[in-house]
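Working notes, structure below.
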Amino acid sequence: MNISIPPLSKDLAASLQHKLDRKTKPVGSLGRIEDLARQLGLIQQRLDPQIVNPTMLVFAGDHGLARAGVSPYPSEVTPQMVLNFLAGGAAISVLSRVNGLDLKVVNAGVNFEFAPHPLLIDRPVARGTANSLEAAAMTSAQVQQALETGAAIVDDLAAAGCTVLGLGEMGIGNTSAAALIMARLTGQPIAHCAGRGTGLDDAGLARKIEILERVLIRHPDARSPLDVLAAFGGFEIAMMAGAYLAGAAQRMLLLVDGFIATSALLVASQINPAVLDYCVFSHCSDENAHRRLIWMLDGEPLLDLGLRLGEGSGAALAFPLVTAAVALLNEMASFESAGVSDRDG
């Protein structure tokens, strides 16, 4: 998959900064909110950026590695939670609803046959990945299919006018896939990348790390981003990677959620580093390696709330800050328009 991402032009940077500095406030006093406003202005190349059809995409997939016991929850929870999303009862359902995000759930590869639903985008590559302890999780063809499907979904959203996109995930076992991707692509020891996921105790975490070490040994030649994705990833992670690349190419602001979503961005950024200019790291989760991975991607999270849910929950919670940033840039009075004296009188 070859997606061209436009370099983020800084031509409007000075004008955006001047507009922010002339608001009725001390210079820089709105901190990171001003950074958000400036970033969205640069992405859209306009002094009055707009939020149109903001959307939350939650990608779901099952993992063969879950059968090895890397999670305290059975794989059956993946389709059960997808049905909960569709019924409007999950955390991301509530957070999307209260924050004005259009929620769409993508079946990237769940081991279940879903009935049609208005919120469901049913594009499974297969009914779950292979067990990476025994073989590559995906074939190269499946990786390409997943990347292209994620990109196509985002292209459709762009055609409908979407300018801000949050990305989340659901898949029992996917913190293990994310840890494996991080370990191989960054060179970090797996013990620095693997965490408790959905609530492993000390013995469970030790077992998880031992299993993941065996998986890494099983795939010594997986080094490039696409090979790493094939060896260790999930269909939902691969689709997210494609979605990030397409979203940047479509000049969207991309709200990155937790550890698994950030592992997908790690893959996307190694395919095309320009994707990072279009991303906002919504929060730092309570998953062990998330802070380290954000730092490696030269990011700074907006929120630090101890979240460890996934689903796009952190991205949904950060979205009101984006809304506020745009409103302040577009609606807050300047010293001139309000007749207020600035610092120099």
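The values are calculated or read from the model by the stated rules, or taken from the named source; none is laboratory data. Just so it is clear, the model here is predicted, and its values are computed rather than measured. When we count neighbours, we look across all protein chains shown, and the Cβ atoms used for this are built from the backbone with ideal geometry, even at glycine.
Looking at the structure I just gave you, is A66 buried (at least 19 other Cβ atoms within 10 Å of the Cβ), aliphatic (A, V, I, L, M) and part of a helix (DSSP H, G or I)?
So A66 fits the description; yes.
Output the qualifying pairs, or none if there are none: Cβ atoms under 6 angstrom, residues six or more apart or on different chains, first residue in region 210-230 and in a helix (DSSP H, G or I), second residue among the basic types (K, R).
If the second residue must be among the basic types (K, R), the pairs left are V228/R184.
Scan region 11-36 residue by residue and report those that are of a type outside the set (D, E, K, R) and in a helix (DSSP H, G or I).
Once the filter is applied, which keeps residues that are of a type outside the set (D, E, K, R) and in a helix (DSSP H, G or I), region 11-36 yields A13, A14, S15, L16, Q17, H18, L20, I33, L36.
Going by the structure shown, is G306 more than 16 Å from A241 (Cβ to Cβ) and either buried (at least 23 other Cβ atoms within 10 Å of the Cβ) or under 14 Å from the mean Cα position of the chain (by Cα) (or both)? Lay out the reasoning, then the answer.
On the way: more than 16 Å from A241 (Cβ to Cβ): yes; either buried (at least 23 other Cβ atoms within 10 Å of the Cβ) or under 14 Å from the mean Cα position of the chain (by Cα) (or both): no.
No; evaluated as a whole, the condition is false for this residue.
Looking at region 276-299 only, could you name the residues that are in a loop (DSSP other than H, G, I, E, B) and closer than 29 Å to D202 by Cα?
S282, C284, S285, D286, E287, N288, A289, L297
Give A325, A264 a once-over and let me know the one that is farther than 19 Å from G195 by Cβ and touching a residue at least 24 places away in the same chain (Cβ under 8 Å). Can you show your working first?
Details: A264 fails: farther than 19 Å from G195 by Cβ.
When all the criteria are applied, what remains is A325.
Every residue in region 87-101 that is surrounded by 15 or more Cβ atoms within 10 Å (Cβ to Cβ) and closer than 20 Å to C162 by Cβ, please.
I92, S93, L95, S96, N99, L101 - these are the residues of region 87-101 that are surrounded by 15 or more Cβ atoms within 10 Å (Cβ to Cβ) and closer than 20 Å to C162 by Cβ.
Show the residue pairs meeting these rules: Cβ distance below 7 Å; 6+ apart or different chains; first residue within region 151-162 and of a type in the set (A, V, I, L, M, F, W, C); second residue modelled with pLDDT under 95.
Hits for this filter: A151/M1; A151/I3.
Go through (1) under 22 Å from the mean Cα position of the chain (by Cα); (2) modelled with pLDDT of 95 or more one by one and return the number of the condition P6 breaks.
Exception for P6: condition (2).
How many residues does region 122-138 hold that are in contact (Cβ under 8 Å) with a residue 40 or more places away in the chain and either touching an Asp or Glu at 6+ places or on another chain (Cβ under 6 Å) or outside any loop (DSSP other than H, G, I, E, B) (or both)?
Qualifying residue count, region 122-138: 1.
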